[in-house]
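Since the structure comes first, as structure tokens, the remarks are kept for the end.
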Amino acid sequence: IHPAAKIGEEILLDHATGVVIGETAVVGNRVSLMQGVTLGGSGKEIGDRHPKVAQGALIGASATILGNIKIGEGAMMAAGSLVLKDVPPHSMVAGIRQGWLGIHM
């Protein structure tokens, strides 16, 4: 976890083994991060290059979220997902999110 990352209150790091949070990442309040989650850069951006996770999001085990993208309030990522595009609030995504593959709740 990079010391410059902005992390909110009431965060759940469930079995925090393998969690990676990049320098410009923002994690909102009441976010749940399971083991092996990566909030990293894509390697294609300069400056603000890590994900922004809104409050109440749940990120499943070994999910990878790359780039300066937004994860909406209350969104859920299934275990093992690869997320490369924004996720709308109160949505659920599974698999590889390069386009719209999620379920809006």
| field | Selection of trypsin sites (Lys or Arg not before Pro), region 28-98, meeting DSSP coil and at most 13 other Cβ within 10 Å | value | LYS44
| field | Label-point separation in nm, ILE11 to ALA78, each point 7 Å along Cα→Cβ | value | 2.7 nm
| query | Which aspartates and glutamates, on any chain, are close to LYS6 with Cα under 17 Å apart, when same-chain ones fewer than 8 places away are left out? | reply | GLU23, ASP48, GLU73
| said: Rg and Dmax in Å for the chain, alpha carbons only: what are they? | reply: 12.0, 34
| Averaged per residue, what accessible area in Å² does the chain show with a 1.4 Å probe, protein chains only? | 52 Å²
| said: Over region 6-104, what is the relative contact order in percent, taking alpha-carbon pairs closer than 8 angstrom and at least six residues apart? | reply: 19 percent
| message | Normalised by the empirical 2.2 N^0.38 Å for globular proteins, what value does the Cα Rg of region 43-95 take? | response | 1.05
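The values are calculated or read from the model by the stated rules, or taken from the named source; none is laboratory data. Model, not experiment: these values are computed from the prediction. Every residue, glycine among them, receives a Cβ derived from its backbone with ideal geometry; neighbour counts consider all protein chains shown. For accessibility, only protein heavy atoms count, side chains too; no ligands or nucleic acids. Shrake-Rupley method; radii C 1.70, N 1.55, O 1.52, S 1.80 Å.
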